[in-house]
1. With the other protein chains left in place, how much accessible area per residue, in square angstrom, belongs to the chain at a 1.4 angstrom probe?
2. Go through the stretch 87-95 residue by residue and turn each phi into a ³J(HN,Hα) via Karplus (6.51, -1.76, 1.60, θ = phi - 60°); whole Hz please, and just put x for glycine and proline.
3. With a ≥ b ≥ c the root eigenvalues of the C-alpha gyration tensor of the chain, is it rounded (a/c under 1.5), prolate (a/b larger than b/c) or oblate?
4. At 7 Å along Cα-to-Cβ for each site, give me the label-to-label distance between Asp76 and Lys25 in nm.
5. Could you tell me the accessible area of Arg10 in Å² (1.4 Å probe, neighbours in place), rounded to the nearest ten?
6. How large is the dipole of the chain about the Cα centre if only Lys and Arg carry +1 and Asp and Glu carry -1, each at its Cβ, rounded to the nearest 20 debye?
7. Hey, for a label at Arg85 modelled as a point 7 Å past Cα toward Cβ, could you say which residues of the stretch 26-44 have their backbone N under 14 Å away?
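The values are calculated or read from the model by the stated rules, or taken from the named source; none is laboratory data. All values reported here derive from a predicted model rather than from experimental measurement. For neighbour counting, all protein chains shown are included, and Cβ atoms are generated from backbone atoms with ideal geometry for every residue, glycine included. Calculation scope for accessible area: heavy atoms of the full protein, side chains included, ligands and nucleic acids excluded. Shrake-Rupley method; radii C 1.70, N 1.55, O 1.52, S 1.80 Å.
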Amino acid sequence: MLDTKVPEIRTGFFANDVKKIHLVKGETIVLTTDYSFKGSKAKLACSYPELATSVTPGQTILAADGSLVLTVVDCDVAGGEVICRIMNNAAIGERKNMN
């Protein structure tokens, strides 16, 4: 068996030199495909340009090795954004993996 490495999908950087954000279960967060966007607990950048066309409401997105669980609520394909509900309390840093 061969393990081939593909580019990882990652969250982006945070605004105001913040190194970690704390996300609260039940709140919503927007994922944007504008990777130059500097994120906060309300909106995070994602390195995958096709995110809004690749997920549908009800699907799960995991970040930071599964320590953050998001459920897709809505997709704004034209705006390149995905609205998600946070399913657990979590603190994450910049550039965390997503799947």
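1. Details: 5830 Å² over 99 residues.
Here the per-residue accessible area is 59 Å².
2. Taking θ as phi minus 60°, the curve returns 9, 7, 5, 7, 10, 10, x, 6, 6 Hz for the stretch 87-95.
3. Values: a/c = 1.25, a/b = 1.11, b/c = 1.13.
Cα axes put the chain in the rounded bin.
4. About 2.8 nm separates the two model spin labels.
5. Near enough 60 Å² of accessible area.
6. Values: 11 positive and 11 negative charges, 75 e Å.
Dipole about the Cα centre, nearest 20: 360 debye.
7. Only 26-29 fall inside the zone, counting backbone N under 14 Å.
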